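Colleague: Right, I'll just put the structure down here and ask away after.
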């Protein structure tokens, strides 16, 4: 799994990160169970606690601790819950390390996963995720059956509902990859197969994802007559890979090649150099566009990954500085500079939202920009959730789903959920720039009865003054 255009800059990465798939559970190991707020989740956490005690182990139950406990772990942590009932899962969700909410894994479903040292503490996180009480009980029973020292690598999934559009799921499962490696490298088809593999664990999808990465590595990330914009595909490459890496699908040789790919891309003319040399980025308080927003978010993820697992490499501080510069205008402002109403919702807002979730200050939410975007999204859709056609768009792009569902979950505003649910389910969860997730917290939709008649959305000052 080698690239013909591998630059020397990243060859010094000699090994992939250590993937400790087994988890030591010994009597002298400090074990923590992060219990959620829901009654059924607490029952599952208590059952796991009793099972560990029966093994002669000492474990501490923490009642819905803040996510910081995962970063400061001194031993393995069992995290029980989902986005709606656990602050630890909320942090994993915000950092794009899980998709566990009231939608996925679905009614009676569960996921029991080993997250391999995700925060560099040296210790694994064991995720017991579910969407309802039945799933919590079933997942608890599945985990209890596997408890041992060492705890084996866990990737036990019972999935009854997916955070993807049904037609895209069918395409991922039934359509082969393009025959040309260049076509694979210039599309998201392989990346979506990888995400669906993460969600389901279906072996055929895993093998197709490996094939896709072989093609991507063979093509490289350098700009040429066939590969013209790896900066735009960088996010769709990174997000599923980071999820799947913990599942131990790839060989060490393959993981090394992929690790070098991301480091080399970040250092290349398509990585930080592309972003830093953009005139828009060099201009303070100027609206941004997807061609810098997408790679900037990938640089932020990559900086976090390499700082955590390769602390001696150079570059991540610089990548993060440039990434922050790209997103700096978006606090109280919300409007990107895109070539049409639909294009902004499809290409830019999902990236801006994922950055705001990753940003520990959540400034885009706290300063009100994300709320203003959601208010505008409500104003511009019709009663079936359609946007007016404008600019670079297609039918899949004509629904501002991420802005509505993420704002609904973050702010607890049922009006945004009502507007979101106007669209058909397949349109709600269409794949956009970032991977689709449901952000389902059980929030009840609320009729936005204050929006009768004409709604005026002020011009964003960022656009007005540009």
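The values are calculated or read from the model by the stated rules, or taken from the named source; none is laboratory data. Remember, it's a predicted structure, so these values are computed and weren't measured experimentally. So basically every Cβ, Gly included, is an ideal-geometry build from the backbone, and we count neighbours across all protein chains shown.
Colleague: Just need a number here: residues in the range 388-409 that are closer than 20 Å to residue 451 by Cα and surrounded by fewer than 22 Cβ atoms within 10 Å (Cβ to Cβ).
Modeller: Residues in the range 388-409 being closer than 20 Å to residue 451 by Cα and surrounded by fewer than 22 Cβ atoms within 10 Å (Cβ to Cβ): 1 in total.
Colleague: Across the range 311-334, what is the total count of residues that are more than 28 Å from residue 263 (Cα to Cα), over 22 Å from the mean Cα position of the chain (by Cα) and crowded, with 20+ Cβ neighbours inside 10 Å? So that I can check it myself, show each step before the final result.
Modeller: Kept after step one, since they are more than 28 Å from residue 263 (Cα to Cα), are these residues of the range 311-334: 331-334.
Those left that are additionally over 22 Å from the mean Cα position of the chain (by Cα): 332-333.
Pick out the ones that are also crowded, with 20+ Cβ neighbours inside 10 Å and you get 333.
So the count comes out to 1.
Colleague: Condition first: assigned to a loop (DSSP other than H, G, I, E, B) and surrounded by fewer than 17 Cβ atoms within 10 Å (Cβ to Cβ). Now tell me which residues in the range 117-146 satisfy that. Reasoning before the result, please.
Modeller: The first filter runs over the range 117-146 and keeps only residues assigned to a loop (DSSP other than H, G, I, E, B), leaving 117-124, 131-132.
Correct list: 120, 122.
Colleague: Across the range 183-212, what is the total count of residues that are out of contact with any helix residue (DSSP H, G or I) (no Cβ under 6 Å at 6 or more places or on another chain) and farther than 20 Å from residue 438 by Cα?
Modeller: Selection size over the range 183-212: 10.
Colleague: Could you go through the range 443-462 and let me know if any residue there is in contact with a helix residue (DSSP H, G or I) (Cβ under 7 Å, 6 or more places away or on another chain), in a loop (DSSP other than H, G, I, E, B), in contact (Cβ under 8 Å) with a residue 12 or more places away in the chain and under 24 Å from residue 301 (Cα atoms).
Modeller: Quick first cut of the range 443-462, residues in contact with a helix residue (DSSP H, G or I) (Cβ under 7 Å, 6 or more places away or on another chain) only: 443-448, 451, 455, 457.
Remaining after also requiring in a loop (DSSP other than H, G, I, E, B): 443-448, 455, 457.
Within this subset, residues satisfying the condition of being in contact (Cβ under 8 Å) with a residue 12 or more places away in the chain are 443-448, 455, 457.
Those still in the list that are under 24 Å from residue 301 (Cα atoms) too: none.
Within the range 443-462, none of the residues are in contact with a helix residue (DSSP H, G or I) (Cβ under 7 Å, 6 or more places away or on another chain), in a loop (DSSP other than H, G, I, E, B), in contact (Cβ under 8 Å) with a residue 12 or more places away in the chain and under 24 Å from residue 301 (Cα atoms).
Colleague: For residue 343, are the conditions met, namely being free of Cβ contacts under 8 Å to residues at least 60 places away in the same chain and buried (at least 17 other Cβ atoms within 10 Å of the Cβ)?
Modeller: On the way: free of Cβ contacts under 8 Å to residues at least 60 places away in the same chain: yes; buried (at least 17 other Cβ atoms within 10 Å of the Cβ): yes.
So residue 343 passes the test.
Colleague: Residues of the range 308-323 being assigned to a helix (DSSP H, G or I) and without any contact (Cβ under 8 Å) to a residue 12 or more places away in the chain, which ones? Lay out the reasoning, then the answer.
Modeller: First, the residues of the range 308-323 that are assigned to a helix (DSSP H, G or I): 308-309, 316-323.
Across the range 308-323, the qualifying residue is only 321.
Colleague: Among 302, 356, which is the only one that is part of a helix (DSSP H, G or I) and not assigned by TED's automatic domain parsing to the domain that holds residue 435? Before the answer, list the steps.
Modeller: On the way: 356 fails: not assigned by TED's automatic domain parsing to the domain that holds residue 435.
Of the residues listed, the single one that is part of a helix (DSSP H, G or I) and not assigned by TED's automatic domain parsing to the domain that holds residue 435 is 302.
Colleague: Since residue 20 meets every condition but one in (1) farther than 30 Å from residue 255 by Cβ; (2) out of contact with any strand residue (DSSP E or B) (no Cβ under 7 Å at 6 or more places or on another chain); (3) surrounded by fewer than 16 Cβ atoms within 10 Å (Cβ to Cβ), which condition does it not meet?
Modeller: Evaluating residue 20 over (1) farther than 30 Å from residue 255 by Cβ; (2) out of contact with any strand residue (DSSP E or B) (no Cβ under 7 Å at 6 or more places or on another chain); (3) surrounded by fewer than 16 Cβ atoms within 10 Å (Cβ to Cβ) leaves (1) as the failure.
Colleague: Hey, does the range 58-78 have a residue that's within 24 Å of residue 200 (Cα to Cα) and crowded, with 21+ Cβ neighbours inside 10 Å? First the steps, then the outcome.
Modeller: Here is the first cut: in the range 58-78, the residues within 24 Å of residue 200 (Cα to Cα) are 77-78.
Within this subset, residues satisfying the condition of being crowded, with 21+ Cβ neighbours inside 10 Å are 77-78.
So far as the range 58-78 goes, yes, one or more of its residues are within 24 Å of residue 200 (Cα to Cα) and crowded, with 21+ Cβ neighbours inside 10 Å.
Colleague: In the range 410-428, which residue that is in contact with a helix residue (DSSP H, G or I) (Cβ under 8 Å, 6 or more places away or on another chain) and not in a helix (DSSP H, G or I) is surrounded by the fewest Cβ atoms within 10 Å (Cβ to Cβ)? Let's see the steps before the verdict.
Modeller: Step one: of the range 410-428, the residues in contact with a helix residue (DSSP H, G or I) (Cβ under 8 Å, 6 or more places away or on another chain) are 410-411, 413-417, 419-421, 423, 425-428.
Filter once more, so that each one left must be not in a helix (DSSP H, G or I): 413, 421, 423.
Numbers: 413: 19, 421: 15, 423: 20.
This residue is 421.
Colleague: Take the conditions surrounded by fewer than 24 Cβ atoms within 10 Å (Cβ to Cβ) and either under 15 Å from residue 296 (Cβ atoms) or in contact (Cβ under 8 Å) with a residue 60 or more places away in the chain (or both) and apply them to residue 348. Does it pass?
Modeller: Spelling it out, it is not the case that residue 348 is surrounded by fewer than 24 Cβ atoms within 10 Å (Cβ to Cβ) and either under 15 Å from residue 296 (Cβ atoms) or in contact (Cβ under 8 Å) with a residue 60 or more places away in the chain (or both).
Colleague: Go through the range 262-312 and give me each residue that's out of contact with any helix residue (DSSP H, G or I) (no Cβ under 6 Å at 6 or more places or on another chain) and under 15 Å from residue 223 (Cα atoms).
Modeller: Within the range 262-312, 265, 268, 269, 273, 291 meet the criteria.
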